[in-house]
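Step one of this worksheet: look at the structure below.
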Amino acid sequence: MSLFKHKEKKKYIPKQWKITKNCLDTILECGKSEFPNEFGGLLRVDMESKDTIIEIVLLPGTISGGSQAIFKLHMLPIDFSIIGTAHSHPSGVPIPSRADLTLFDKYGKIHIIVASPFDEYSWKSYDYSGNQIKLEVV
Ligand SMILES: [Zn+2]
């Protein structure tokens, strides 16, 4: 019910985004299991603090293989618990491509790229303009 209490949309941007270890591990696992193809999914935050990523929502039909951006904007839901995207770079370089930057700019606030070998060091997080930001693992 509290969801509907406030009519105005608050522009609340947390200083520090967080992700649960479990969720990060799942993203890395997805990257590993789809390798050498790309995988893509959406990041869901907990609805209380709205700053902790707790779930990766996989989108059917997003995997195209190769190294092209895999998100079709018209497929992306309008859902306030979704705050960004995660996808893999099988190439091993977790740096956004031009297509990634276009997507980041249009959708979401935080984006994760995981790269092979999909370990705890082979991922990075970015804001909407492609600046690398810190994501605390909790
Ligand atoms: Zn990419």
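Among the residues of the range 109-120, some residue qualifies, meaning at least one is within 16 Å of the ligand (Cβ to nearest atom), at pLDDT 90 or above and assigned to a loop (DSSP other than H, G, I, E, B). Residues that are within 14 Å of the ligand (Cβ to nearest atom) and touching a strand residue (DSSP E or B) at 6+ places or on another chain (Cβ under 8 Å) within the range 121-131 comprise SER122, TRP123, LYS124, SER125, TYR126, listed in sequence order. Scan the range 74-103 for residues that are touching a Lys or Arg at 6+ places or on another chain (Cβ under 6 Å) and either under 14 Å from GLY41 (Cα atoms) or near the ligand (Cβ under 8 Å from one of its atoms) (or both) and report the count. Total satisfying the criteria: 4. Taken over the range 91-100, residues that are under 13 Å from the mean Cα position of the chain (by Cα) and part of a helix (DSSP H, G or I) amount to 1.
Residue count for the range 14-51 satisfying the condition of being surrounded by fewer than 18 Cβ atoms within 10 Å (Cβ to Cβ) and hydrophobic (A, V, I, L, M, F, W, C): 2. Taken over the range 68-96, the criterion of being over 15 Å from PHE39 (Cβ atoms) and open to solvent by 40 Å² or more (accessible area, probe 1.4 Å) is satisfied by LEU73, HIS74, PRO77, ILE78, ASP79, PHE80, VAL93, ILE95.
The values are calculated or read from the model by the stated rules, or taken from the named source; none is laboratory data. Owing to the predicted nature of the structure, the values given are computational and were not obtained by experimental measurement. Neighbour counts run over all protein chains shown; Cβ positions are idealised from the backbone, glycine included. For the accessible areas, the whole protein counts, side chains as well, though only heavy atoms, and no ligand, DNA or RNA atoms are used. Shrake-Rupley method; radii C 1.70, N 1.55, O 1.52, S 1.80 Å.
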